[in-house]
Amino acid sequence: MKRPSLKGVARVRRMSFAAISLVPDPTLRRYLGSGWNWLAMVGAVTMIAVTWPNLAMTHPMPAYLLPLFAVIASVPIALIFAGTAAVRAGWAMVIVTGSVASFVPHPGVDFPMPIPMFLVLFAMTVAALITQPLSKLPVVAAITAGALVIGVAPGARLGWIFALVVATIGVAFVRYRLSSQKRIEEQTIETETAQAREAVLAERTRIARELHDVVAHRMSMVVVMSQTAKYRLAAGDAPETVGPATEAEFTAIADAARQSLDEVRQLLGVLRPADAPSTRPVQGIDDLPGLVAQVRAAGVTVEYADRVADWGDPGAAGAAVFRIVQESLTNAARHAPGASVVVRIVDADGGVVVSVVNGPPADPDYVPQHGGGHGLVGMAERASAVGGTFTSQATPAGGFAVTATVPLRHR
């Protein structure tokens, strides 16, 4: 058996959509574009056809009023799927129309409100309870109860009003529960989003910290070594060994490294938020001698003394001490070239005290370079992350002093 073709249905559907798209009013165009609204319009037309003759039989009134009452009382059915405001307007229309019709003499009929209007009132009241704000449901129920007092037979009023109250409470409970679940889901999504954002910020902070602790430190050493190499080479060889070309080469290396440092600081400004949490680096106490040797190789005079009797397993505290010393030496080499640096680590009550003090620049006319401020902030965060304290200040002699107290967990 050959299946019926759907081409004709599809053609009618396309023509309908094309006709709707020509409607100038966007509100009416949205209304006509919904299949539910077309179904509601069919229901409204059906109710008009039923209400008109019913009114003529049960509520005698002038003939010219019959279609008017029938249309006004039935049109709200067409608005039942049209949105909150439309439902509210339709519900009000049927309340007024049904109440007015209830006062029309109805000989031989016990129900003051015409039955078709009562059915429309029932449908629009349910729609209003579902669509109107929760705070307005008592108002909807109270007004509808008033219409029932007018339009329902005396013996049935109490039962219908009781049913209305139960329906209102039930709908309000279900809507409140659904609304609460929706809010909980939204809050859960917001919490998960915030946690994901925090995780991204933490990862960005970790990358920024490692860039600053490793790349910036080593690039600073390149700058210092490039600036001092010509003097160290000249001290070991004949003066003519370091000529203008060699000096220019070292100057170019220093400029390139300095530009790289500026780019690293710009990257840190993007990656590192102002209130970012601390993260744990990888180097520790055992790496301090190598760090000091590296800085000395760059031409910086460093006096280093580790007077801690028992480090034990310092863990994160040792890593914090390493980074504080590393950053302090980097700052001294960059901002006070030619100055000597004294690094001391001594025992304290339950931990150690790290002190890094440098003198003023060897050249009195040297203008210190100002960094992005991440170094001091990073050292403070390192100390705070392990429960310690951090201070930094200029010395009376024109140098700079950094002091950090770091607790050791094994004590």
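The values are calculated or read from the model by the stated rules, or taken from the named source; none is laboratory data. Please read these numbers as outputs of a predicted model, since none were measured by experiment. Positions of Cβ are backbone-derived with ideal geometry, glycine not excepted, and every protein chain shown enters the neighbour counts. Ligands, DNA and RNA are excluded from the accessible area calculation, which covers all protein heavy atoms including side chains. Shrake-Rupley method; radii C 1.70, N 1.55, O 1.52, S 1.80 Å.
Please provide three numbers in whole Å: the alpha-carbon extents of the range 277-352 along the principal axes, with the largest listed first.
Between the extreme Cα coordinates on each principal axis of the range 277-352 lie 35, 30, 19 Å.
Under 5 Å between amide hydrogens, which residues at least 5 positions from Val352 or on another chain qualify, with H placed 1.01 Å from N in the peptide plane?
Val406, Leu408
Taking the mean number of other Cβ atoms within 10 Å as a proxy for protection, how do you rank 79-87, 319-327, 180-188, 158-166 from highest to lowest?
Ranked from most to least packed, the peptides come out as 319-327, 79-87, 158-166, 180-188.
For a quick protection proxy, order the peptides 149-157, 136-144 by their average other-Cβ count within 10 Å, most packed first.
Numbers: 149-157: 14.7, 136-144: 16.8.
Packing order, densest peptide first, comes out as 136-144, 149-157.
If you plug each phi of the range 329-336 into the Karplus form 6.51 cos²θ - 1.76 cosθ + 1.60 with θ = phi - 60°, what whole-Hz ³J(HN,Hα) values come out, in order, with x for Gly and Pro?
With coefficients 6.51, -1.76 and 1.60, one gets 5, 4, 4, 5, 5, 7, 9, 9 Hz.
How large is the Kirkwood hydrodynamic radius of the range 88-202, counting all unique pairs of alpha carbons, in Å?
Computed over the range 88-202, the radius equals 16.5 Å.
Could you run the Karplus curve 6.51 cos²θ - 1.76 cosθ + 1.60 with θ = phi - 60° over the range 104-114 and give me ³J(HN,Hα) per residue in whole Hz, x for Gly and Pro?
6, x, 9, x, x, 10, 7, 9, x, 7, x
Taking a 1.4 Å probe, which of Tyr176, Tyr304, Tyr31 shows the most accessible area, and what order do the others take after it?
Result of the area sort, largest leading: Tyr176, Tyr304, Tyr31.
So if we plug the beta-carbon distance of Leu39 and Ala196 into 1/(1 + (r/R0)^6) with R0 = 35 Å, what FRET efficiency do we get, rounded to 0.05?
Efficiency, from the Cβ-Cβ distance: 0.20.
Could you derive backbone 3J(HN,Hα) for the range 179-190 from the dihedral phi with the Karplus parameters 6.51, -1.76 and 1.60 (θ = phi - 60°), listing whole Hz in sequence and x where the residue is Gly or Pro?
Per-residue couplings from phi come out as 5, 5, 4, 5, 5, 5, 4, 5, 5, 5, 5, 5 Hz.
Can you list residues whose amide H is under 5 Å from Val341's amide H, if they're 5+ apart or on another chain and H is modeled 1.01 Å from N?
Distant-sequence amide H within range of Val341: Thr301, Val302, Glu303.
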